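FYI, it's all coordinate maths here, none of it is from the lab. The structure presented is a predicted model; accordingly, all values stated were derived computationally and were not measured. Here Cβ is always computed from backbone atoms with ideal geometry, including for glycine, and neighbour counts include all displayed protein chains.
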Protein chains: 2
Amino acid sequence: MKQLPLFLFERCRITLRLNLAKLCLFLSGMYEVFFKKINEVIHLTADEEAIFKNYLKPKKLRKKQFILQEGDVCKYSIFVEKGLLRSYSVNEKGNDQVVQFALEGWWIADLYSFITGEPSRYNIDALEDCELLLINNDGLKEVRRQIPKFLEFSFLQMQNAYIALERRWSHMVTLSTEERYNKLLDKYPDIVQRVPQHMIASYLGLTPETLSRAKKQMTLPK
Amino acid sequence: MKQLPLFLFERCRITLRLNLAKLCLFLSGMYEVFFKKINEVIHLTADEEAIFKNYLKPKKLRKKQFILQEGDVCKYSIFVEKGLLRSYSVNEKGNDQVVQFALEGWWIADLYSFITGEPSRYNIDALEDCELLLINNDGLKEVRRQIPKFLEFSFLQMQNAYIALERRWSHMVTLSTEERYNKLLDKYPDIVQRVPQHMIASYLGLTPETLSRAKKQMTLPK
DNA sequence: AAATACCGTTGATAAATATCAATGGTGTCG
DNA sequence: CGACACCATTGATATTTATCAACGGTATTT
């Protein structure tokens with residue numbers, strides 16, 4: 001067997017060392033928000049965190065890339081370590097209907113498709129470059145089995161999600177356009193700042209024109 | 001001590017026997033739907049059902065009576081054995097906004113108030129004479145602790161509730177007035193039949209007049 | 001650097017729905 | 001039995017919001 005020239009080998013070593021350093025940095029930061037969030041509610045030991053990591057799949061997503069497209073099955077529940085995503089459906093007129101945004105520390109998925117395995121009617125794409133953690137349903141079930149505390153966490157999380165959605169519903173029905181916008185601005189200023197206004201409008205159930213005019217009304221009135 | 005006349009004692013015995021019979025009948029029927037519903041998902045042993053019954057409080061409610069009023073804390077999660085309830089809020093114009101209906105086998109509460117102990121912004125009243133089972137939050141926690149299977153049940157139930165609400169949201173945003181009404185008619189014909197139309201309208205986010213006209217449109221067109 | 005896509009704003013008009021008011025029917029209760 | 005509460009329907013009108021079209025600014029791509 002022919003021997004490789006030494007300089008090539010040397011280059012490999014250097015490259016390897018550099019990538020290793022990057023990998024360490026990458027891994028240490030990759031789960032930071034994730035476990036911070038969970039540990040706000042239950043306390044996981046280092047061992048338990050290790051179990052968890054077995055089922056988590058890190059993924060980076062560039063702005064405008066899809067992680068779920070209409071017609072596909074939603075195989076993963078997505079945790080946002082960094083960045084910003086949105087889920088939306090496209091109605092018969094071809095307009096986007098934004099369902100949800102997801103910032104750092106939030107989860108996003110089409111739960112119905114995720115649970116049933118039916119094709120999704122939603123799209124999920126990145127509004128900014130993202131770092132995500134993916135876990136599939138079997139993974140979640142396995143973690144809940146191995147770490148019973150996590151079932152408790154899942155229940156509480158789902159309960160909170162339900163309550164939040166119910167409140168959003170009540171605001172949608174009760175509040176005027178302007179009040180709804182202000183509510184969002186008040187509660188999630190980050191979203192309003194980082195998301196194009198026409199997507200905010202869609203999220204609030206308005207056309208871009210209507211939101212633009214409503215904002216104008218709010219500045220000058222009296 | 002003066003002795004009571006015998007005939008009085010005799011009358012007591014008869015009354016007692018009658019009431020006992022009624023009580024037995026009452027108790028056997030009282031939890032029927034409840035455990036049937038739960039056992040569709042998990043299986044409870046007789047012992048476990050007995051534990052459960054310790055924390056359940058049967059209650060009958062007459063048509064038009066309230067079980068929760070705006071400003072009160074929602075102390076109970078309510079299971080409907082029989083009858084029909086609705087939750088609603090009253091907006092600043094004094095109109096009712098129906099949030100939810102609950103038929104036999106369903107749960108109803110203001111979850112936010114129930115969990116946090118904050119005063120509720122909703123009313124819950126009976127649209128028909130009802131038989132209910134009430135359980136407070138400590139009771140639920142205790143049952144989840146003593147019967148871990150029930151935590152699993154709670155998680156799944158909450159997950160389903162979330163998915164259902166999400167779908168309702170998507171229908172509200174996507175579908176036309178008529179499609180929404182048909183969806184409800186298709187999915188819950190019982191509700192449409194048993195509830196006055198103006199409450200259906202409110203549930204769908206419409207005025208009674210608009211729903212009336214929409215129905216008319218649906219019969220004659222073409 | 002030029003071309004292009006994306007975005008927010010504004011105006012004119014159309015459509016959907018709410019609001020106000022009146023009517024008649026039905027059931028309930030004293 | 002009659003008075004009253006409750007309810008669905010219909011008409012006329014007002015309000016809200018969507019739709020269509022055009023413009024100018026900014027960022028992105030080539």
Residue among A:94, A:117, A:205 with the largest mean-square fluctuation in a Gaussian network model of chain A, springs linking Cα atoms under 10 Å:
A:94
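So what is the relative contact order for chain A, in percent, with contacts set as C-alpha pairs under 8 Å and at least six apart? Don't jump to the answer; show the numbers that get you there.
On the way: 286 pairs, mean separation 45.0, N = 222.
After rounding, I find 20 percent.
Cα-Cα over 18 Å: which of A:37/A:183; A:36/A:149; B:53/B:149; B:57/B:141? Intermediate results must be reported in sequence, preceding the final value.
Details: A:37/A:183 24 Å; A:36/A:149 15 Å; B:53/B:149 16 Å; B:57/B:141 15 Å.
Correct reply: A:37/A:183.
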The value for the stretch A:141-196 (convex hull of the alpha-carbon atoms, volume per residue, Å³) is 115 Å³
Under a Gaussian network model of chain A whose springs join Cα atoms within less than 10 Å, the largest fluctuation of A:32, A:128, A:40 belongs to A:40
Any idea what the alpha-carbon Rg over 2.2 N^0.38 Å comes to for the stretch B:29-146?
1.09
Any idea what the relative contact order of the stretch B:132-210 is, in percent, if you count C-alpha pairs under 8 Å spaced at least 6 apart?
14 percent
Per q in 0.10, 0.14 Å⁻¹, report the Debye log10 I(q)/I(0) for the stretch A:100-222, using one uniform scatterer on each alpha carbon and no solvent.
-0.43, -0.79
Label distances, nm, residue B:192 versus same residue in remaining copies, Cβ-directed 7 Å point
4.0
Can you tell me which of B:175, B:206, B:84 moves the most in a GNM of chain B? Springs connect C-alpha atoms under 10 Å apart.
B:175
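Over the stretch B:29-146, calculate the relative contact order: mean separation of alpha carbon pairs under 8 Å at least 6 apart, over the residue count, as a percent. Numbers along the way, then the final one.
Values: 237 pairs, mean separation 44.2, N = 118.
Relative contact order comes out at 37 percent.
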Take A:87, B:89 and order them by how many other Cβ atoms sit within 10 Å, fewest up front.
B:89, A:87
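Hey, what's the Kirkwood Rh for chain A if you take every pair of different alpha carbons, in angstrom? Could the numbers behind the result be given before it?
Values: mean 1/r = 0.0498 Å⁻¹.
Kirkwood radius, chain A: 20.1 Å.
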If one computes the Cα centroid of the stretch A:97-171 and of the stretch B:149-222, what distance in Å separates the two points?
24 Å
Looking at A:140, A:84, A:46, which one has the Cα that reaches farthest to the positive end of the dipole of chain A (charges on Cβ: Lys, Arg +1; Asp, Glu -1)?
A:84
In Å, the C-alpha Rg and Dmax of the protein assembly as shown are 27.6, 121
